[in-house]
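So the structure is just underneath, and the comments pick up after that.
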Amino acid sequence: MDFPVMTYEHVDTTNNQITFDVKRTEEVSVAKNGKVDPPHRHNFFTIIIVKKAIGTHVIDFNEYSLGDKQIYFISPGQVHQIIEKQKPYGWVITFSNQFLINNVIDSCFIENINLFTDYGQSPPLLLDSKQYKILHQYSSQLYDTVHSQMQFKEEALSSLLKLFLIACNNFYTPQQQNTQQLHAGSTILKEYKRLVEYHFSEWHLVQQYAEALHVTSDHLNRTIKTLIGKTAKEYLQSRIIVAAKRLLFFTDQTTKEIGYTLGFSEPSNFSNFFKKCTGISPSKFKNKKRE
């Protein structure tokens with residue numbers, strides 16, 4: 001039988017009109033009575049600020065050890081699961097695309113800060129004590145604002161969110177590229193991501209995307225590498241592998257069927273690609289859900 005992935009559609013399950021929320025992780029843990037959620041996805045952005053925790057965070061089949069002073073950025077559609085060994089402390093910030101639209105926060109801003117990884121590795125941002133203190137203050141202000149009746153509440157939340165994300169970006173990114181290069185590269189990155197999302201099951205070569213973008217393959221690889229730390233080829237492979245893993249783990253489709261679904265002309269081509277990228281065969285990965 002298939003194992004459908006639970007999807008949380010709204011920031012607040014009790015009120016579909018709420019587009020932004022902040023909770024303390026200890027409150028979330030108590031509300032769940034310590035139970036572990038099954039793997040699930042959100043149709044909104046999630047930021048988990050970890051003050052103190054022990055356990056595991058699995059994002060699109062990649063495992064990360066929960067630890068003190070971490071931040072996780074989870075994009076809409078990413079499948080994740082948190083397994084805590086003790087009561088966690090910190091914050092969970094959630095916001096929808098509608099919140100961005102309502103507050104005139106351009107989607108390019110979210111893409112350009114390069115914090116939310118669509119596919120592949122999504123490691124946490126590791127903070128030192130000074131950095132954590134800064135982000136803790138923003139988180140506390142966001143929490144207090146969410147639970148207030150102040151005037152211009154939405155405007156305050158959007159401003160604080162942008163300051164929070166800019167601070168995170170500064171902690172991540174060495175200030176070495178000039179603004180003009182970043183702007184030009186970000187335009188290519190945005191279009192490349194859009195094309196990959198539409199065509200990853202048809203176009204498996206970087207050259208196909210480069211031609212659609214009217215640039216060379218080398219230029220595309222270098223540009224993407226500069227902005228997100230992986231080449232265009234690696235990003236494309238990550239997107240295909242994540243789709244493959246989801247189909248292998250959460251459906252009863254055969255390896256052969258999945259290979260054809262993802263645009264491979266022969267099952268052996270898919271198996272070889274999967275093993276080269278992950279180190280194990282599709283069948284071995286599929287058997288994991290029975291363990």
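Counting only aspartates and glutamates at least 8 places from Lys23 when in the same chain, those with an alpha carbon closer than 16 Å to its own are Asp12, Asp144.
Inter-part distance, the range 5-84 to the range 214-265, computed on C-alpha centroids, equals 25 Å.
Could you tell me which of rounded, prolate or oblate describes the chain, using a ≥ b ≥ c as the square roots of the eigenvalues of the alpha-carbon gyration tensor, with rounded for a/c under 1.5 and, failing that, prolate when a/b is larger than b/c and oblate otherwise? Please list the in-between numbers first.
On the way: a/c = 1.89, a/b = 1.28, b/c = 1.48.
Oblate, since a/c reaches 1.5 and b/c is not below a/b.
Restricting the calculation to Cα atoms, the range 6-172 yields a radius of gyration followed by a Dmax of 14.9, 43 Å.
List the residue ranges in the chain for DSSP H helices whose C-alpha atoms run 15 angstrom or more along the long axis and whose Kyte-Doolittle average is -1.0 or above. Please report the intermediate quantities before stating the final value.
On the way: long enough: 129-146 (25 Å, -0.87); 153-172 (28 Å, 0.53); 179-199 (30 Å, -0.76); 217-228 (16 Å, -0.35); 232-250 (27 Å, 0.51); 267-278 (16 Å, -0.65).
Membrane-span-like by this criterion, though nothing is claimed about a membrane: 129-146, 153-172, 179-199, 217-228, 232-250, 267-278.
Legend: distances between Cα atoms for Lys69/Lys288; Lys69/Lys190; Lys52/Lys133; Lys51/Lys85; pairs beyond 21 Å are Lys69/Lys288; Lys69/Lys190. Distances between placed amide hydrogens fall under 5 Å for Thr117 paired with Ser75, all partners being 5 or more residues away or on another chain.
Using the Cα gyration tensor of the range 179-290, with a ≥ b ≥ c the square roots of its eigenvalues, what is the shape: rounded (a/c below 1.5), prolate (a/b larger than b/c) or oblate (neither)? Cα axes put the range 179-290 in the prolate bin. Packing-based ranking of 145-158, 263-276 yields 263-276, 145-158, ordered from highest to lowest mean Cβ neighbour count within 10 Å.
The H on the amide N of Val79, modeled in the peptide plane, is under 5 Å from the matching H of Asp60, each at least 5 residues off or on a different chain. Compactness of the range 7-100 was expressed as the Cα radius of gyration divided by 2.2 N^0.38 Å, which yields 1.02.
If contacts are Cα pairs under 8 angstrom and at least 6 residues apart, what is the relative contact order of the chain in percent? Mind showing how you got there, number by number?
Numbers: 419 pairs, mean separation 45.1, N = 291.
15 percent.
Note on Lys87: aspartates and glutamates with a C-alpha under 20 Å away, same-chain residues under 8 apart excluded, are Glu26, Glu27, Asp37, Glu63, Asp68.
Quick one: Debye curve from the C-alpha atoms of the range 215-279, no solvent, what's log10 I(q)/I(0) at q = 0.13, 0.15, 0.18 Å⁻¹? Log10 of I(q)/I(0), two decimals: -0.42, -0.54, -0.70. Would you mind estimating how fast the range 102-174 diffuses translationally, via Stokes-Einstein at 37 °C and 0.692 mPa s with the Kirkwood radius over Cα pairs, in µm²/s? The Stokes-Einstein estimate is 241 µm²/s.
FYI, it's all coordinate maths here, none of it is from the lab. Computed from a predicted model, the values in this text were never measured in an experiment. Here Cβ is always computed from backbone atoms with ideal geometry, including for glycine, and neighbour counts include all displayed protein chains.
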